[in-house]
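For reference, the structure discussed in these notes is given below.
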Amino acid sequence: MNDVALDFNQVWKKFKMGERYDSLRDLIPGMAKRIFSRNNQIELGEREFWALKDVSFQVKRGEAIGIIGPNGAGKSTILKLLSGILRPNKGEIKVNGRLSALIEVSAGFHPDLTGRENVYLNGSILGMKRKEIDKRLDEIVEFSGISEFIDTPVKRYSSGMHARLGFSVAAHINPDILVVDEVLSVGDLQFQKKCIDKMLSLKKRGVPIVFVSHNLQSIQMLCNRAFFLKNGQIFKNGDVSDVLNEYLFSGQATTKFDNGVIISNTACFNYYGERSNVFQAGEKAIIKFNLKVNKPINEYLLGFLIRRTSDGFLACDYNLPLSSIEDENNNINISLEKNVRLDFQVNLLKGLYTVSLHIYHNPSQRHVYWVSNILHFSVEERISWEGVSYLNPELCSE
Amino acid sequence: MIEMIKELIQYRHLLYMLTWRDIKIKYKQSVMGFFWAILMPMLIVAAGILVKKGFSMVSGRPLELTELASVSVKAIPWAFFVGSIRFATNSLTGNSNLVTKIYFPREVFPISAVFANFFDFIIASVALTLILAIAGIGMSINLVWLPFLIFLLVLLACGIGMLLSCANLFFRDIKYLVDVFLTFGIFFTPVFYEASMFGKWESALLLNPVGAILEAINTVVVFHKSPDPFWVAYAAIWSFGGLLIAWFIFHRAEFKFAENI
């Protein structure tokens, strides 16, 4: 069997903006226009834009690849091209095997049918045979966790239940290739975890996966490789943590209220003084940066925030007085530039975290500098299931 | 072509499920249930009887049983045809979320629409068969033609339905045109009257393939004669040729569906 499951070769895809002729009475002027302006497949016509520009990638068996990028970058377009819903204007797409695309898992649901009936309907839409569904029905219902409501019409379901049932059907199709688009966002954390586990088990069996999500944590858990898509082009391609970092840095935003205050040269180090973005839970981390202020230093506070990137959860928010870095000798000095280090214990659980720094001027009661997502780091550990803080529990006999 | 059929066979389960879905929803929401299937043909039959009665009053001839039988025998397939076309025309646009989200051969939509209507047709036909049997219309060997004629009608409905569903996707006003055509189509098709009433213009009316099929069904069921082979062949060319061309066009346009819907 060929090792390459998906081959996306220099694909271009364009879309039209604005109104389109969609009634018969518009057809004739539209046709006349087309005849006079010989539209070429690979040239941009009026009001057209490239949704994908020269995108190439390959996915091998047993490999999971993540696609990240801002809204409108072309992620879903790639998935639709892969599943055959759209065709490229230029380039080639090769798919070796039965591809299952979970683009919107509950798309096939009919609101008036019951959950059970919709399992059958959606299952066959996704390419399952009736007998296969018969065999797996119990498993599917069990996985969705809504067995009490399986004979209730789907229109009475909550959106979470909708998504759960949809994913449960989709997860049981046994595809050769799995393509997943942001389908987990509706389910609760527990269900999301269940889904990731399911996908991991598929991956272990050698099923290649293309995974689109804004949930960076699940991308990190699932994928070996990733690429960062921006304006229809591959901006960065490679190892998953590199790409995630690149993506996160693109979210960096600096707000200056006072030109005299600047934080620069920020970097993250581990306990041994090596630059690092990956920490073990409980390890010591050091953030170094260069600080410049133009008023007496004891009037400032440094705000230090850590957020979990997957859900924006605020892990900590400290205000540290800058007076602690005061030097005896340059106390009088009003303007000051200094290298500063911030040490802290990474008592966090596994995940991706982002650091924001801000400077607060006490006498004037206002923020003078704010930079969000200035640094990113990930935490690794093996024992926790869920939560936020690393308490280092130990079990022993007394 | 063979590729297309193969793909359709591969997705036969889906075809079955979508047909089943359409039937189920139709009957689930209505208190009247299966009465639905008979309602529409009954209305057409009632209208036909009224027209026939009018004819007989004008001409002074008494209304015969065979005439009533003819009207009902032709009205039920006509109701099926109209229902299929109307349903199939909207089948792609009505399932736009599936068209843009999941890949499978889109032929399944118009075809399942026709099949769902065929289910109604079967129920109505069973009811009609009972009535005709009680009325003593009798049977003959010529009834063997009937399945073939119905098959031609189904193929014709599939072909036209495919073409129109595809057209309606690109031009949303097609469905209004279709509605108008179907409403007045009954006057141009020999349902309430016989094509033979028009004398030398008979062939002009039979040029309409639906008319040719309906007349053949009438000949077979009510008059127990074998149908005119020329017009059956003519209708068969329309059915097979139409389906082939429609399918081809549909297939060529298919990849544009998701962007244009």
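The values are calculated or read from the model by the stated rules, or taken from the named source; none is laboratory data. Treat the numbers as computed from the prediction; the structure is a model and nothing was measured. Positions of Cβ are generated from backbone atoms using ideal geometry, with glycine treated the same way; all protein chains shown enter the neighbour counts. Keep in mind that these areas ignore ligands, DNA and RNA; they rest on the heavy atoms of the full protein, side chains included. Shrake-Rupley method; radii C 1.70, N 1.55, O 1.52, S 1.80 Å.
Taking a point 7 angstrom from the Cα of residue A:389 along the C-beta vector, which residues in region A:292-327 have backbone N less than 19 Å away?
Of the residues in region A:292-327, A:304-309, A:312-320 have backbone N under 19 Å from the label point off residue A:389.
For chain B, take the longest principal axis of its alpha carbons; what is the angle in degrees between that and the long axis of helix B:35-59, to the nearest 10 within 0 to 90?
Result, in degrees: 40.
For region B:2-97, compute Rh as the Kirkwood radius over C-alpha pairs and then the Stokes-Einstein diffusion coefficient at 20 °C and 1.002 mPa s; write the answer in µm²/s, rounded to an integer.
Numbers: Rh = 16.5 Å.
My calculation gives 130 µm²/s for D.
Pairs A:16/A:90; A:90/A:198; A:135/B:6: which exceed 23 Å Cα-Cα?
Flagged as over cut-off: A:90/A:198; A:135/B:6.
Let me know the mean shielding of B:8-16 by other chains, meaning the per-residue number of their Cβ atoms within 10 Å of its Cβ.
3
With each run of n ≥ 4 DSSP H residues scored as -39500 (n - 2.57), what mean residue ellipticity at 222 nm is computed for chain A after dividing by its residue count and rounding to the nearest 500 deg cm²/dmol?
Value at 222 nm, helices only: -7500 deg cm²/dmol.
Just the number please: accessible area per residue for chain A, 1.4 Å probe, all protein chains included, in Å².
Values: 20200 Å² over 398 residues.
Normalised by residue count, the accessible surface of chain A is 51 Å².
Report Rg/Rh for the protein assembly as shown, rounded to two decimals, where Rg is the Cα radius of gyration and Rh the Kirkwood radius. Numbers along the way, then the final one.
Values: Rg = 34.2 Å, Rh = 30.0 Å.
Rg/Rh: 1.14.
Partner chain Cβ atoms within 10 Å, averaged over the residues of B:173-180 - can you pull that number for me?
Working: counts 6, 2, 0, 2, 1, 0, 0, 0.
Partner Cβ neighbours, averaged per residue: 1.
I want the antiparallel fraction of DSSP beta bridges within region A:131-276, as a percent rounded to 5.
65
Using mean Cβ contacts within 10 Å as the protection proxy, how do A:201-214, A:167-180, A:346-359 order, highest first? Mind showing how you got there, number by number?
Details: A:201-214: 19.1, A:167-180: 22.8, A:346-359: 21.3.
Ranking the peptides A:201-214, A:167-180, A:346-359 by packing returns A:167-180, A:346-359, A:201-214.
Interface B/A, total buried accessible area with a 1.4 Å probe, nearest 100 Å²?
Counting both chains, the buried surface is close to 2900 Å².
Among the lysines, which have Cα under 18 Å from the Cα of residue A:338 when same-chain residues fewer than 8 positions away are ignored?
A:288, A:292, A:295
How large is ³J(HN,Hα), in whole Hz, for each residue of region B:145-152 in order, when computed from phi with the Karplus curve 6.51 cos²θ - 1.76 cosθ + 1.60 and θ = phi - 60°, using x for Gly and Pro?
5, 4, x, 5, 5, 5, 4, 4
How high is the relative contact order of chain B, in percent, with contacts defined as C-alpha pairs under 8 Å that are six or more residues apart?
Relative contact order for chain B comes out at 26 percent.
Of the heavy-atom accessible surface of the protein assembly as shown (probe 1.4 angstrom), what whole percent is carbon and sulfur? Each step should come with its number before you reach the end.
Values: 18860 of 32590 Å².
C and S atoms contribute 58 percent here.
Give the accessible surface of region B:103-261 per residue, rounded to a whole number of Å², with probe radius 1.4 Å and ligands, DNA and RNA excluded.
On a per-residue basis, region B:103-261 sits at 46 Å².
Apply the Karplus curve 6.51 cos²θ - 1.76 cosθ + 1.60, θ = phi - 60°, to the phi angles in region A:113-123 and return the couplings in whole Hz, x for Gly and Pro.
Working through the residues one at a time gives 8, 6, x, 4, 5, 5, 4, 5, 4, 5, x Hz.
Check which residues have an amide H placed less than 5 Å from residue A:320's amide H, if you skip close sequence neighbours.
A:302, A:303, A:304
Only loop residues by DSSP count here, and only those with at most 11 other Cβ atoms within 10 Å; note down the GluC sites (Glu not before Pro) in region A:235-336 that meet that.
A:274, A:328
Given the DSSP H assignment, sum -39500 (n - 2.57) over each helix run of at least 4 residues in chain B and divide by its residue total; what's the result at 222 nm in deg cm²/dmol, nearest 500?
Result for chain B, helices only: -25500 deg cm²/dmol.
Report, for region A:255-380, the % of DSSP beta bridges that are antiparallel, rounded to 5.
Taking every DSSP beta bridge within region A:255-380, about 95 percent pair in antiparallel fashion.
Using R₀ = 25 Å, calculate the FRET efficiency as 1/(1 + (r/R₀)^6) where r is the Cβ-Cβ separation of residue A:253 and residue A:320; round to 0.05.
Efficiency, from the Cβ-Cβ distance: 0.70.
Which semi-axis lengths, in whole Å and largest first, follow from the square roots of five times the eigenvalues of the Cα gyration tensor of region B:58-209? Walk me through the numbers on the way to the answer.
Numbers: eigenvalues 220, 73, 32 Å².
Each semi-axis is √(5λ); the values are 33, 19, 13 Å.
Quick check: net charge around residue B:205, other residues with Cβ under 14 Å of its Cβ, Lys/Arg +1 and Asp/Glu -1?
Taking every Cβ under 14 Å from that of residue B:205, the sum is -2.
Using the Kirkwood radius over C-alpha pairs as Rh, can you work out the diffusion coefficient of region B:2-260 via Stokes-Einstein at 20 °C, viscosity 1.002 mPa s, in µm² per second?
Approximately 111 µm²/s, per Stokes-Einstein.
Region A:75-104 to region B:201-218: how many Å between their Cα centroids?
If we compute the Cα centre of each part, the gap is 47 Å.
Taking H as built 1.01 Å from N, whose amide H comes closer than 5 Å to the amide H of residue A:368, not counting residues under 5 places away?
When sequence neighbours closer than 5 places are left aside, the close amide H contacts are A:359, A:360, A:361.
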